[in-house]
Each structure stands twice: as C-alpha cells, then as structure tokens.
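The values are calculated or read from the model by the stated rules, or taken from the named source; none is laboratory data. Computed from a predicted structure; not experimentally measured. With ideal geometry, Cβ positions are generated from the backbone for all residues, glycine too; neighbour counts draw on all protein chains shown. Note: accessible area is taken over every heavy atom of the protein model, side chains too, but ligands, DNA and RNA are not part of it. Shrake-Rupley method; radii C 1.70, N 1.55, O 1.52, S 1.80 Å.
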Amino acid sequence: MRIVLLGAPGSGKGTQAALMVERLGMPHISTGVLLRNAAKRGTELGLKAKSIIDQGELVPDDIMSDMIEERLSRDDVANGFILDGYPRNLAQAKSLDEMLERVGQPVDVAIQIDVGPEQIIKRLAGRAEQENRADDSEDIVGNRMRIYHEKTAPVIDYYAGRGLLTHVLGDGSVEDVLERILSVLNVDSLVS
Ligand code: B4P
C-alpha cells in the first residue's frame, strides 16, 4: 500500500507515521526528517535547506523532487510506503504521480489529518520547548500556516479529484488518531 499523509504543520503526520510503521511494517519517508538529517550532516544541500526551513519556507521543488526520487528508488519501498511531508504543493503532487506512474506504483490513498488551528499552535509551542526547532517559534509557525493554506491545501483537492482522499480527525490522543487511520485503511485485521 502506498500512503500519502497530508495535514497542517503539527497535525500529527510524523507522529502517526512512526506508529503506522510499527503496525504496518512499511517504511516511513518524511521529507522533513530527510532535510533535517542532511542539515545535521552539513551537506551543501542540507545547509541550504536549513536556512529555508528555519524561515518556515518551502525548499525548492527541484531539490525535493531529486530527494524523493532517490528515496523511492530504494528496495525497501517495493511493498509500499508511508509518505509524510511530500507533496506540499501542486507541482510536487504532479511530479510524484509521474514518478510513481513510471514504475507502475501509483498512490493508493491520501489521508488528510484534520486539526484545528488552536490545537496546532499549542502542539507546536510544546515541541518548540522540547526539541528547540527554530521553525516551531511563534512567528515562524505563522508563516508555515500561511504557506500551508496557500500552497499545500490545494493538494487536498487534487487527491479528492482523483478519488484518493480520505479525512481523519486528528484531535484526541495519538492512539485514538492511529485507530481512526487504521480503520480507514481497513487494516484492523493486521493489528495484533
Ligand atoms: P515537517 O518535518 O514535515 O514538519 P511538520 O509539518 O511540523 O510535521 P511533523 O510531522 O514534524 O509534526 P507532527 O505533526 O507529527 O517539515 C518541516 C519543514 O521542512 C517544512 O516547513 C519545510 O520547510 C521543509 N519541507 C519538508 N517537506 C518539504 C517539501 N515536500 N517541500 C518543501 N519543503 C519541505 O507533530 C507536531 C507536534 O504535535 C509534536 O510535538 C507531537 O508530539 C504533537 N502531537 C502529534 N499528535 C498529537 C496528538 N494527537 N495530541 C497531542 N499532541 C500531538
């Protein structure tokens, strides 16, 4: 199964993807994690990306497209994957479709995790304290939310138009949200 997780910053994509990995046994591909790891390693790409991420802006599409193509070319995705953080705009959504169509492995489902703005601000403020991520500071979160509404929200309609979209309520405990996701995926029978 090839799953795309969608949702605003702080909606719980990364959190849920990590739990889904345990239950579904598929790799979790997070573009945020890939970029932050590249920044930690101090690669040219990583350092360039870090200054963009710290401002809450989107990293250019050509960089993201190369990064995701390389990741999706590895053997561990043969039986599916959970994609988190990509696509983040319409150009990336189309690029992903082209990439996956070339290998005959299209997206099966896009899951939009819905969480209200107040909850998101609270969660990211909590993470800012715990993880000290520059992009979780209050002013940068405002920019990320603006970009989300302008650039990423149209991706929801894109998948809806292709009949692949399903919404899941992201409020409540992480376990509750996970159960909702597993239920829309009809994978309850695989759960131990
Ligand atoms: P990401 O790493 O994707 O950051 P994110 O949107 O905040 O999501 P994340 O998955 O980390 O957070 P989660 O909701 O799980 O991107 C960071 C940056 O990288 C972007 O701003 C951009 O600059 C760049 N980037 C990434 N992909 C890109 C692309 N494709 N194109 C261009 N640029 C790209 O968790 C948030 C917090 O909520 C956590 O503290 C968690 O503990 C908490 N939480 C989660 N679920 C909860 C629940 N049910 N209840 C209470 N708290 C919860």
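Here are a few things to note about the model shown:
- Cβ pairs under 7 Å, 6+ apart, first in region 60-72 and part of a helix (DSSP H, G or I), second of a type in the set (A, V, I, L, M) and away from the ligand (no atom under 11 Å from the Cβ): ILE63/LEU45; GLU69/MET99; LEU72/MET99
One line per residue, one yes/no per condition, for (1) under 26 Å from LEU24 (Cα atoms); (2) part of a strand (DSSP E or B); (3) open to solvent by less than 50 Å² (accessible area, probe 1.4 Å); (4) more than 10 Å from the ligand (Cβ to nearest atom):
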residue: ILE82; (1), (2), (3), (4): yes, yes, yes, yes
residue: ARG88; (1), (2), (3), (4): yes, no, no, no
residue: PRO106; (1), (2), (3), (4): yes, no, no, yes
residue: GLU129; (1), (2), (3), (4): no, no, no, no
residue: ARG146; (1), (2), (3), (4): no, no, no, yes
residue: ALA153; (1), (2), (3), (4): no, no, yes, yes
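- Some residue of region 57-69 being within 11 Å of the ligand (Cβ to nearest atom), of a type in the set (S, T, N, Q) and loosely packed, with under 15 Cβ neighbours inside 10 Å: no
- The one condition from (1) assigned to a helix (DSSP H, G or I); (2) at pLDDT 95 or above; (3) more than 30 Å from GLY172 (Cβ to Cβ) that ARG36 does not meet is (3).
- Test for SER11: is it open to solvent by 20 Å² or more (accessible area, probe 1.4 Å), out of contact with any His (no Cβ under 6 Å at 6 or more places or on another chain) and modelled with pLDDT of 95 or more: no
- The condition (being open to solvent by less than 30 Å² (accessible area, probe 1.4 Å) and within 12 Å of the ligand (Cβ to nearest atom)) is satisfied by just one residue among ASP135, ASP171: ASP135.
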